[in-house]
Amino acid sequence: MVLATRCPNCHTVFRVVADQLKLRNGLVRCGTCQHVFDGRSELCAPPEELTDAPTPPMAAATATPSPEKPRASIYDAIVADDEPRFTSRPGTPPNLDAAALLRQEDKTRGGGFTSAPWSARAGDPADAPPWLRNSARPRKAVFWTLAIAALTLGALLQLIWWQRDALAAQWPPLRAPLTQLCQIAGCRIAPVRQLSGLSIESTNLATEGDDSDAQGQHLLVLTLFLRNTSDHAIAYPALELTLTDASGTPVVRRDIQVTDYLSDSDIAAGLAARSEHPIRLRLSAQSTAAANYHVVAFYP
């Protein structure tokens, strides 16, 4: 079926076929004014001089015209050497080969074309001219930018999640927004665990009375002061009491949990900054030859 399309810029009519318009989404270039347009939207009835003109054979498409006799084709719907050339209507300027023009560097587009021909039937985007191939680069750049931003945001949220207690302690203005986030996520802001900010002072271990209880165990009273030397609240630690003999060998070891000397409300608040808390515990121990003791703070 013979079709024709008209250049919207110079109104030159050229003969085309349907298969050629399917390639490159119908983009064609006028051989007269070099205007690129959609050949499908400019289809028109072919003039008699184009419908009667015979189609050159395939071999003629690849033949090189002699310098003395310029090529009669002025339009090529696709950039391919294996497509037939189209004859021009009478009165059109000679030596206007659109395929050759498309293969040359397009000066009006800032040097976007390369001089090497490419195959329109290959289907490889890498073989396309840069003005077509580079159109997908902005989309890829936007995709990778959004992906990197999403990964960075996810890593930042994970860091905030794991370090929320330390962040709230080091930067008090963050406590309110972190508390609101925890209400949504179902977590809580607890006092930070920091043994370096705690010190145990004025420890004393003494027996209570001279008699043992019914099980033959002595009653001991442990008193000490737990001091917070930092500028923020710190979680209360557990305590480890170790009784040693004269040679320093441990004979009795006792772990004292936070719940053994504090209430739940005091545990949740933590030890306030630059403050101290007195601890007094009554313990029972079997009769041993204990000569010394020491107390160590730790977090379970």
### Message
Using amide H atoms built in the peptide plane, which far-off residues or other-chain residues are under 5 Å from Leu283 H to H?
### Response
Leu220, Val221, Leu222
### Query
Along the charge dipole of region 166-300, which of Leu271, Leu205, Ala190 sits closest to the positive end, that is, farthest toward it, with unit charges on the beta carbon of Lys, Arg, Asp and Glu (+1, +1, -1, -1)?
Ala190
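Cβ neighbours within 10 Å, averaged per peptide: list 147-157, 263-273, 187-197 in order, most packed at the top.
On the way: 147-157: 10.1, 263-273: 13.8, 187-197: 15.9.
With the highest mean Cβ count within 10 Å placed first, the list reads 187-197, 263-273, 147-157.
Please get the size of the charge dipole for region 1-46, origin at its Cα centre, with Cβ charges of +1 on Lys and Arg and -1 on Asp and Glu, quoted in debye to the nearest 20. Don't skip to the answer; put the middle values down first.
On the way: 6 positive and 3 negative charges, 12 e Å.
Computed charge dipole of region 1-46: roughly 60 debye.
How far, in nm, would the chain grow between Arg227 and Ser275 when pulled straight, counting 0.36 nm per residue and subtracting the alpha carbon separation?
Working: separation 48, 0.36 × 48 = 17.28 nm, distance 0.59 nm.
Contour length minus the Cα-Cα distance gives 16.7 nm.
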### Query
How big is region 247-300 in terms of Cα radius of gyration and Dmax, in angstroms?
14.4, 42
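Since every read-out is calculated from the coordinates, none of them should be taken as a lab result. Only a predicted model underlies this, so the values are computations on that prediction, with no experimental measurement involved. Methodologically, a virtual Cβ is constructed for each residue, glycine included, from the backbone with ideal geometry; neighbour enumeration extends over all protein chains shown.
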